[in-house]
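Engineer: Before we start, here is the structure in question, set down as structure tokens.
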Amino acid sequence: HKFKGAASLSVAALDGATCVCNSGVQGSINGIPFHKDCWDEPLGDLVQQKNPTCWVEAYKGGLRCCHHGWILLDQDQNPWENQTDEYHMKFRFWFQEYDPEEHQDLVRVHWQTEAMSGEYDVPVRSPDVPPEEALHQISSRWTVRDMIHDCPAGSSYQCTGSSANKTGIHLIYAGGHCHAPSCYTMELWNADNGQLLCRHDPIYGNGTEIFNEDGYLALPPCLWGSKEEGLTEPIFLSFDTNLMSIKRNNNTYGHYGDMALWQMRGVLV
């Protein structure tokens with residue numbers, strides 16, 4: 001035992017097959033191959049929580065069941081056969097002519113609390129948990145640098161342009177993607193100093209005016225800007241800043257295909 005070192009020990013069965021590679025259970029839904037990329041902690045909680053969304057053999061429902069032309073009913077039927085529903089949507093855009101002296105380029109930065117599944121299940125509460133305490137939570141921890149992708153801005157939804165000679169980002173907009181009706185809160189934290197950067201509390205409408213319609217839910221985003229506009233000055237986050245997201249849902253009932261992503265805009269500086 002004078003000398004010690006690391007080594008690998010392989011064990012093979014003499015009277016049976018030996019597995020040399022296990023890539024997990026493979027499968028498809030309605031002929032479309034199933035693939036999920038759920039990340040381990042600290043980046044995401046889904047693997048450790050054994051969330052069913054990550055594995056085809058456990059998948060119960062969500063985006064993978066909602067492709068073009070699919071109808072989700074209890075029976076194999078199409079109530080709209082030989083019928084066409086037609087609807088129209090109207091958009092109105094306000095804009096200013098670009099002035100390099102007045103305007104700055106906002107890059108899109110994006111992160112999924114459900115890293116990187118794109119969705120997750122909110123499991124129903126245990127029977128011994130009263131409805132007023134029904135709460136399910138997931139979290140994610142990452143750095144600002146994880147959201148920076150050096151490729152021409154606009155060429156892909158992930159591209160943030162060149163970060164050469166830049167040290168971080170001024171955060172201008174943060175919007176959490178939080179599904180109704182089970183969304184409790186979404187929080188974005190600076191994990192280095194404990195600063196709450198953004199929090200979403202759903203606002204339930206009780207009237208008839210815009211953004212306060214009875215039966216509808218509003219999730220106002222977090223905004224930063226000039227004092228003249230009545231906003232808080234932009235927050236600077238270095239590329240090495242550690243961030244944390246916490247998403248809480250009411251789980252009186254279970255939900256499939258829920259999301260907890262952050263869509264943000266900022267200026268590289």
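Engineer: Scan (1) open to solvent by less than 40 Å² (accessible area, probe 1.4 Å); (2) part of a loop (DSSP other than H, G, I, E, B); (3) of a type in the set (D, E, K, R) for the single condition residue 187 breaks and write down its number.
Structural biologist: (2) is the only condition that residue 187 fails.
Engineer: If you take the residues in the stretch 77-130 that are hydroxyl-bearing (Ser, Thr, Tyr) and open to solvent by 40 Å² or more (accessible area, probe 1.4 Å), which one is farthest from residue 175 (Cα to Cα)? So that I can check it myself, show each step before the final result.
Structural biologist: If we filter the stretch 77-130 for residues that are hydroxyl-bearing (Ser, Thr, Tyr), which is where we start, we get 84, 87, 98, 113, 117, 120, 126.
Next, only the ones that are open to solvent by 40 Å² or more (accessible area, probe 1.4 Å) stay: 84, 87, 98, 126.
Working: 84: 35, 87: 28, 98: 24, 126: 31 Å.
Looking at residues that are hydroxyl-bearing (Ser, Thr, Tyr) and open to solvent by 40 Å² or more (accessible area, probe 1.4 Å), I get 84.
Engineer: Checking residue 178 against (1) part of a loop (DSSP other than H, G, I, E, B); (2) within 27 Å of residue 136 (Cβ to Cβ); (3) open to solvent by 50 Å² or more (accessible area, probe 1.4 Å), which test does it fail?
Structural biologist: Checking residue 178 against (1) part of a loop (DSSP other than H, G, I, E, B); (2) within 27 Å of residue 136 (Cβ to Cβ); (3) open to solvent by 50 Å² or more (accessible area, probe 1.4 Å), the one that fails is (3).
Engineer: May I pose another question? Considering the stretch 53-112 alone, what residues qualify as being within 30 Å of residue 143 (Cβ to Cβ), among the charged types (D, E, K, R) and touching a residue at least 60 places away in the same chain (Cβ under 8 Å)?
Structural biologist: Selection gives 105, 108.
Engineer: Please enumerate the residues belonging to the stretch 250-264 that are open to solvent by less than 20 Å² (accessible area, probe 1.4 Å), within 14 Å of the chain's Cα centre (by Cα) and within 15 Å of residue 51 (Cβ to Cβ).
Structural biologist: If the condition is that a residue be open to solvent by less than 20 Å² (accessible area, probe 1.4 Å), within 14 Å of the chain's Cα centre (by Cα) and within 15 Å of residue 51 (Cβ to Cβ), then 257, 258, 260 are the ones that fit.
Engineer: In addition: For the structure I just gave you, tell me whether residue 58 is loosely packed, with under 14 Cβ neighbours inside 10 Å and closer than 30 Å to residue 246 by Cβ. Please lay out each step first, then the result.
Structural biologist: Details: loosely packed, with under 14 Cβ neighbours inside 10 Å: yes; closer than 30 Å to residue 246 by Cβ: yes.
Answer is yes for this residue.
Engineer: Within the stretch 25-48, count every residue that is part of a loop (DSSP other than H, G, I, E, B), open to solvent by 40 Å² or more (accessible area, probe 1.4 Å) and touching a Phe, Trp or Tyr at 6+ places or on another chain (Cβ under 9 Å).
Structural biologist: Qualifying residue count, the stretch 25-48: 5.
Engineer: Anything in the stretch 163-175 that is among the hydroxyl-bearing types (Ser, Thr, Tyr) and open to solvent by less than 80 Å² (accessible area, probe 1.4 Å)? List them, or say none. Step through it out loud before you land on a result.
Structural biologist: Filtering the stretch 163-175 for residues among the hydroxyl-bearing types (Ser, Thr, Tyr) gives 163, 167, 173.
Correct list: 163, 173.
Engineer: Could I ask something else about it? Could you check residue 199 against (1) open to solvent by less than 80 Å² (accessible area, probe 1.4 Å); (2) at pLDDT 95 or above and say which number it fails?
Structural biologist: Among (1) open to solvent by less than 80 Å² (accessible area, probe 1.4 Å); (2) at pLDDT 95 or above, residue 199 violates only (1).
Engineer: Do the conditions hold for residue 122, that is, is it touching a residue at least 60 places away in the same chain (Cβ under 8 Å), closer than 29 Å to residue 181 by Cα and of a type in the set (Val, Ile, Thr)? Quick ask: steps written out before the conclusion?
Structural biologist: On the way: touching a residue at least 60 places away in the same chain (Cβ under 8 Å): yes; closer than 29 Å to residue 181 by Cα: yes; of a type in the set (Val, Ile, Thr): yes.
Here the answer is yes, as residue 122 does meet what is asked.
Engineer: Can you report the number of residues in the stretch 101-116 which are in contact with a Ser or Thr (Cβ under 8 Å, 6 or more places away or on another chain) and of a type in the set (S, T, N, Q)?
Structural biologist: So the answer is 2.
Engineer: Look at the stretch 219-249 and say how many of its residues are in contact with a Phe, Trp or Tyr (Cβ under 7 Å, 6 or more places away or on another chain) and surrounded by fewer than 16 Cβ atoms within 10 Å (Cβ to Cβ).
Structural biologist: Of the residues in the stretch 219-249, 4 are in contact with a Phe, Trp or Tyr (Cβ under 7 Å, 6 or more places away or on another chain) and surrounded by fewer than 16 Cβ atoms within 10 Å (Cβ to Cβ).
The values are calculated or read from the model by the stated rules, or taken from the named source; none is laboratory data. All values derive from a computational prediction rather than experimental measurement. Cβ: placed from backbone, ideal geometry, glycine included. Neighbour counts: every protein chain shown. Note: areas computed on protein heavy atoms with side chains; ligands, DNA, RNA excluded. Shrake-Rupley method; radii C 1.70, N 1.55, O 1.52, S 1.80 Å.
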